[in-house]
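The block underneath contains the structure these notes are about, expressed in structure tokens.
Each value in this text was obtained by applying a stated rule to the coordinates, not by laboratory testing. Because the structure is predicted, anything quoted here is derived from the model rather than measured. Because the Cβ atoms are built from the backbone with ideal geometry, glycine has one as well, and the counts that use them run over all protein chains shown.
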Amino acid sequence: MRILVTGGAGFVPSHLCERLLNDGHEVVAVDNFVTGHERNLQPLRAFGDRFRFVEADVTRGLPSQAEVGRFDRVYHMASPASPIDYVELPFETLYVGSDGTRIALERALADGARFLLASTSEVYGDPAVHPQVEGYWGNVNPIGPRSVYDEAKRYAEALTMAFRRYKGVQTRIVRIFNTYGPRMRANDGRVMPAFVNQALDGQPLTVFGDGTQTRSFCYVTDLVDGIVRLMESDLDEPCNIGNPHEMSMTQLAQYINRFTGSAGGIVHKPLPKDDPTRRRPDIGRARQHLGWEPKVDFETGVAATVEWFKSLR
Ligand code: NAD
Ligand code: UDP
């Protein structure tokens, strides 16, 4: 197939491109490097003619059919994704979720392509239902600092459903839960890069708040497998993809210190506003419809991630 991936120079999307290329497809990746990195494209360039990169801002338009041909699949992955990124890039985040999603959907419509939106567990906000099932409508502050991301993604989901209902585009929506692995940026502010790099420096790990808030971490290749299965399934309702292995941020900090042999300890910093208190995906829908569940255990994933951050030094 011919496949378009927006945000292809980013962490998750570059792994997705690599998986699609390994599966034998032709991939065109578009990115404006707002949070992505050229080094993530290097492994993709090894696929020769089957991979093409176009530097472009998806909110201003995609390369034309005349330039890059028609597509069978459109994966709309572009968006800043770390809380420090989207707070520094509020308008870019809102526009890539709104204009960017519209432009990617219009392209899917024009090409007769199937479309997948990278949505997020953040659509559940600070969830009152635990674990989070897809039928839960969420608890999002529409005017808080995180709203530029959460509401952009909620709008993107609404737009995707409207293109399915009223224009007949075949659409898929993946709600991605916290994901980690190689190709994350050391300074992207998310907890895994922060803790691993602090530990490698022998510095105290910065636990925000009292550290009782929980997250559930999925290794990136597991996530990508779920995304590809979803795209190729007939499930047109949103689908959680994440690893239900839940832990508190204190437990994570203790694990990373032990794993790396760091004696730097822990220091507490203020909890960001509207930081969700707990998060764990219910993956019943993914199990039932995609035959998917995560395979990579936490220790293996952390080992690969630590090696990645060591290699950047
Ligand atoms: P990332 O920042 O590494 O990748 C996003 C990519 O999109 C970057 O390369 C960035 O430069 C590009 N981009 C942003 N705006 C663009 C624009 N206007 N035009 C072209 N390119 C643009 O982040 P990631 O963690 O790999 O996230 C990828 C997708 O998955 C995002 O949509 C994100 O919301 C979603 N997601 C990720 C996680 C996670 O834990 N990593 C969780 C939930 C959802
Ligand atoms: N966090 C932390 N220390 C850090 C960075 C993050 O304790 O240096 C916490 C953060 O407050 C949140 C959790 O780790 O409770 C996950 O944060 P991240 O930014 O990785 O993702 P998200 O909040 O989007 O789930």
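Taking amide H positions as placed in the peptide plane 1.01 Å from N, state which residues far from Phe71 in sequence (5 or more) or on other chains have amide H under 5 Å from it.
For Phe71, no residues qualify.
Roughly what percent of Cα-Cα pairs across the chain reach past 36 Å?
Every Cα pair in the chain considered, those over 36 Å come to 13 percent.
Using modelled backbone amide H atoms (1.01 Å from N, in-plane), which distant-in-sequence or interchain residues come within less than 5 Å of Phe208's amide H?
Residues meeting the amide H criterion: Lys269.
Could you identify which residue out of Leu271, Leu116, Leu44 has the top mean-square fluctuation in a GNM of the chain using Cα springs shorter than 10 Å?
Leu271
Using the Cα centre as the reference, give the magnitude of the dipole from point charges on the C-beta atoms of region 214-292 (Lys, Arg: +1; Asp, Glu: -1; all else neutral), rounded to the nearest 20 debye.
520
What whole-number distance in Å separates the alpha-carbon centres of region 8-81 and region 97-144?
Measuring centre to centre over Cα atoms gives 20 Å.
So how far apart, in nm, are the two label points at His130 and Arg50 if each is 7 Å from Cα heading toward Cβ?
4.4
What angle, in degrees between 0 and 90 and rounded to the nearest 10, separates the Cα long axis of helix 191-200 from the longest principal axis of the Cα atoms of the chain?
For 191-200 against the chain, the angle is about 50 degrees.
Run the simple label-point estimate for Met247 and Thr206 please: 7 Å along Cα→C-beta, distance reported in nm.
2.1
With charges set only on the Cβ (+1 for Lys and Arg, -1 for Asp and Glu), what does the dipole of region 204-255 come to about its Cα centre, in debye to the nearest 20?
340
Write out the trypsin sites (Lys or Arg not before Pro) in region 186-248 meeting two conditions: DSSP loop, and at most 13 other Cβ atoms within 10 Å of their Cβ.
none
Once you keep just the Cα pairs under 8 angstrom separated by 6 or more residues, what percentage relative contact order results for the chain?
Working: 631 pairs, mean separation 53.2, N = 313.
Once normalised by length, the contact order is 17 percent.
Which aspartates and glutamates, on any chain, are close to Lys310 with Cα under 18 Å apart, when same-chain ones fewer than 8 places away are left out?
Reachable aspartates and glutamates: Asp188, Asp201, Glu299.
Which residue, chosen from Leu290, Val224, His268, occupies the Cα position most advanced towards the positive end of the dipole of region 219-309, where the dipole is computed from +1 (Lys, Arg) and -1 (Asp, Glu) charges on Cβ about the Cα centre?
The listed residue farthest towards the positive side: His268.
What size of dipole, in debye to the nearest 20, comes out for the chain about its Cα centre when the only charges are +1 on Lys and Arg C-beta atoms and -1 on Asp and Glu C-beta atoms?
It comes to approximately 140 debye.
For a quick check of your reading of the filter: which chymotrypsin sites (Phe, Trp or Tyr not before Pro) in region 27-75 sit in a DSSP loop and have no more than 16 other Cβ atoms within 10 Å? Display every interim value, and only then the final one.
Numbers: sites: Phe33, Phe47, Phe51, Phe53, Phe71, Tyr75; in loops: Phe33, Phe47, Phe71.
Counting only loop positions with at most 16 other Cβ atoms within 10 Å, the chymotrypsin sites (Phe, Trp or Tyr not before Pro) in region 27-75 are Phe33.
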